[in-house]
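> Could you have a look at this structure, given as structure tokens, before my questions?
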Amino acid sequence: MSDTFRFRSSDLWWLLGGVAATALTTLAYVMWLHVANPATVSTTFLMLVLVVAAAAPLWTAVVVSFVAVLFFNYFFLPPVGTFTIADPQNWVALFAFLAVSLVASNLSARVRAREREALSRRDELARLFDLSRDVLMVTDSSEAISTMARSIARRFDLVFVAIALPHATDWDVFSGGTQSISLDRQQLWSTFATAQASIEFDASSRTYSGHRTVPSDGHHVTLVPLRSATRPIGVLAAAGRTVEAGTLDALAGISAIAVERAQFLDERKAAELTRQSEQLKAALLASLGHDLRTPLTAIRIAATNIRETAVSPADLADQTALILSEVERLTRLFQNILEMARLDAGAVAAETRWSHPSEILEAAEGQVEETLKGHHLNARFESDVAVELDPRLAAAAVAHILENAAQYAPEGSDIDITAGVGDEGFVIRIQDHGPGIAPNDLPHLFDRFYRGDAARTRTSGTGMGLWIARGLLAVQGGRIWAENTPGAGARFTIAIPVSTKGAPQDARSDDSLTV
């Protein structure tokens, strides 16, 4: 029904108000002001009719116009007090008043209708703009289409919206809204087939061909083809309040863009994963090529020296120690590769038990004993209460940090270790007395295979240790960070949230960990 003839409760109040205002004006002119000039009265009544027409539908203004004509005739046109008009000129005046009232009311109603239409189009444009922004803000391709359906339902106050995409012999349906409505697959195929057959644009209604409305679950569902350029890629289904066909076409166009964006995000993600995989392979091969060549060469030379007959016992001991050292280095390298593969596969799980910080540090030192030769460990325990964590993972992470400190600190320098339990849980700090970390390297320190320029020329390593340490700590909710201390080298801090039991022991220095 048109807004012109639609009844609302507020319209009844405007009708009663217009009739009451006409009656009060007549009473004032007749009883108190004694105004009898027809021109003055008709102008006043016309003003009342225009006020009603400006705020209420046309039918309300028309009723008030006829009431004003009756009052005008009965109280102001002679013979007064009757509906009879004696003078033919008064007939002209009466019909002129009625015509002006009706024309003015109609013009006012048209202006109000145009205003409502303009506001409606403004609101639709704002909603379409917000919807376009929603499309651009979506970064997760797996949820992009479902998010789009929910956004359309929310922005346009629809009870149901679905984006249906053909998949083999069935449809993938992504729905949103406050209600769930089942879609007839046959109707979806029919709409899709119609869109494939032809594309026509109706300039008057600003719509493309292919729209259809079908009943489903007590609702009238409008089906609109989704088109990428001129090629149909799916169907948009909407139910709820009435939305213009042109707006539905715009929604279908934005939905098609969202679908293409989701597919583009998938393709970009796959390309990025491929690129990263290639980079990792290249970095791994480069690291392995360097770190395998050096120990293998040392082992070959040592084995060749041992084969010689004139080898003194001292030289034999040195060569044997060299072989054992390089074998341990190779073992650590392959252990790092296995740990990296397990972290990537998500195969590392925490198995918690009660342990003391001193036990964890002792286990970590044992894993990298050969690397720590030539360095002096100063360990101090602020508290050595039992903590609940995975000691295996914690010790492995600490071992990687100790190994890193031994590699980058000058031979013979001290490595200071402080461990204890505080507000952040189990906390261990490892301080070396090396050159520190270059500012450019700090943001990338825990990236896989990352090694600073200075590190590449100063020492060996694959750049896996710190990345593995961070991964092992993350499994049990821990974290690690690094910082430079002025004049004292680099300091690494590990914090793992834990539960504790037992009374804290006094802070002590454990000289048994001195190497």
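> In whole Hz, what ³J(HN,Hα) sequence does the stretch 175-192 give by Karplus (6.51, -1.76, 1.60; θ = phi - 60°), x for Gly and Pro?
After applying 6.51 cos²θ - 1.76 cosθ + 1.60, I find 10, x, x, 7, 10, 10, 10, 7, 9, 6, 4, 5, 5, 4, 5, 5, 4, 5 Hz.
> Sticking with this one: Grab the Cα-Cα distance for Arg241 and Ser228, subtract it from 0.36 nm times how many residues apart they are, and report the gain in nm with one decimal.
Difference between extended and current length: 2.1 nm.
> Provide the gained length on full extension for the span Val475 to Glu278, in nm with one decimal, where the gain is 0.36 nm per separating residue minus the Cα-Cα distance.
Taking Val475 through Glu278 to full extension adds about 68.3 nm, to one decimal.
> Based on the mean of other Cβ atoms within 10 Å per residue, sort peptides 15-21, 231-237, 88-94 so the most packed one is first.
Peptide ranking by packing, descending: 231-237, 15-21, 88-94.
> Same structure again: I want to check the label-to-label distance for Ala193 and Asp170. Put each point 7 Å from Cα in the C-beta direction and report it in nm to one decimal.
2.1 nm
> Could you give the size of the charge dipole of the chain about its Cα centre, using +1 on the Cβ of each K and R and -1 on the Cβ of each D and E, expressed in debye and rounded to the nearest 20?
Using Cβ point charges on Lys, Arg, Asp and Glu, the chain gives about 2520 debye.
> Another question, if that's okay. List the relative contact order of the chain as a percent without decimals, with contacts defined as Cα pairs under 8 Å and 6+ residues apart.
With pairs under 8 Å counted, the relative contact order is 9 percent.
> If one takes the longest principal axis of the Cα atoms in the chain, at what angle in degrees, from 0 to 90 and to the nearest 10, does the Cα axis of helix 88-137 lie?
10 degrees
> Pop out the ³J(HN,Hα) list for the stretch 417-433 in order, Karplus 6.51 cos²θ - 1.76 cosθ + 1.60 with θ = phi - 60°, rounded to Hz; leave Gly and Pro as x.
10, 10, 9, x, 10, x, 4, 8, x, 6, 10, 9, 10, 10, 10, 9, 10
> Of Met148, Met47, how do they rank once you tally other Cβ atoms within 10 Å and put the fewest first?
Met47, Met148
> Figure the gain on full extension for Ala118 and Asn305 (residue separation times 0.36 nm, minus the Cα-Cα span) and round it to one decimal in nm.
Gain on extension, Ala118 to Asn305, equals 57.9 nm.
> Assuming R0 = 60 Å, what is the FRET efficiency of Asp87 and Val159, from their Cβ-Cβ distance, to the nearest 0.05?
Working from the Cβ atoms, E equals 0.45.
> OK, next. Name the long-range amide H neighbours of Ser216: under 5 Å, sequence gap of 5 or more, or other chain; modelled H, no Pro or chain starts.
Those lying under 5 Å, H to H, from Ser216 are Val221.
> Name the shape class, rounded, prolate or oblate, that the alpha-carbon gyration tensor gives for the stretch 9-121, where a ≥ b ≥ c are the square roots of its eigenvalues, rounded holds for a/c under 1.5, and otherwise prolate holds if a/b is larger than b/c and oblate otherwise.
prolate
> At a threshold of 8 angstrom on Cα-Cα distance, excluding pairs fewer than six apart, so keeping six or more, what relative contact order does the stretch 160-269 reach in percent?
This gives 25 percent for the stretch 160-269.
> Once you mark the GluC sites (Glu not before Pro) that are in a DSSP loop and have at most 12 other Cβ atoms within 10 Å, what is the longest gap between them in the chain?
Looking at the chain, 1-199 is the longest stretch - no exposed GluC sites (Glu not before Pro) with at most 12 other Cβ atoms within 10 Å.
> Hey, can you grab everything whose amide H is under 5 Å from the amide H of Val159? Only 5+ residues off in sequence or another chain; H modelled, so Pro and N-termini drop out.
For Val159, the qualifying residues are Ala239, Gly240, Arg241.
> Is the chain best put as rounded, prolate or oblate by its Cα gyration tensor, with a ≥ b ≥ c the root eigenvalues, rounded for a/c under 1.5, and otherwise prolate when a/b is larger than b/c, oblate when not?
prolate
> With the Cα gyration tensor of the stretch 160-269 giving a ≥ b ≥ c as the square roots of its eigenvalues, does the rule (a/c under 1.5 for rounded; else a/b larger than b/c for prolate; else oblate) give rounded, prolate or oblate?
Rounded shape, in that the Cα axes give a/c under 1.5.
> So who's got an amide H within less than 5 Å of the one on Gly436, skipping anything under 5 residues away but keeping other chains? H placed 1.01 Å off N, in plane.
Ala490
> Quick one: what are the phi-derived ³J(HN,Hα) couplings along the stretch 391-403, Karplus 6.51/-1.76/1.60 with θ = phi - 60°, whole Hz, x for glycine and proline?
Karplus values, whole Hz, x for Gly and Pro: x, 5, 5, 4, 5, 5, 5, 5, 4, 5, 5, 4, 4.
We did not get these values from a lab; they are worked out from the coordinates using the rules stated. No experiment lies behind these values; they were computed from the predicted model shown. Note: ideal-geometry Cβ built from the backbone for every residue, glycine included; neighbour counts use all protein chains shown.
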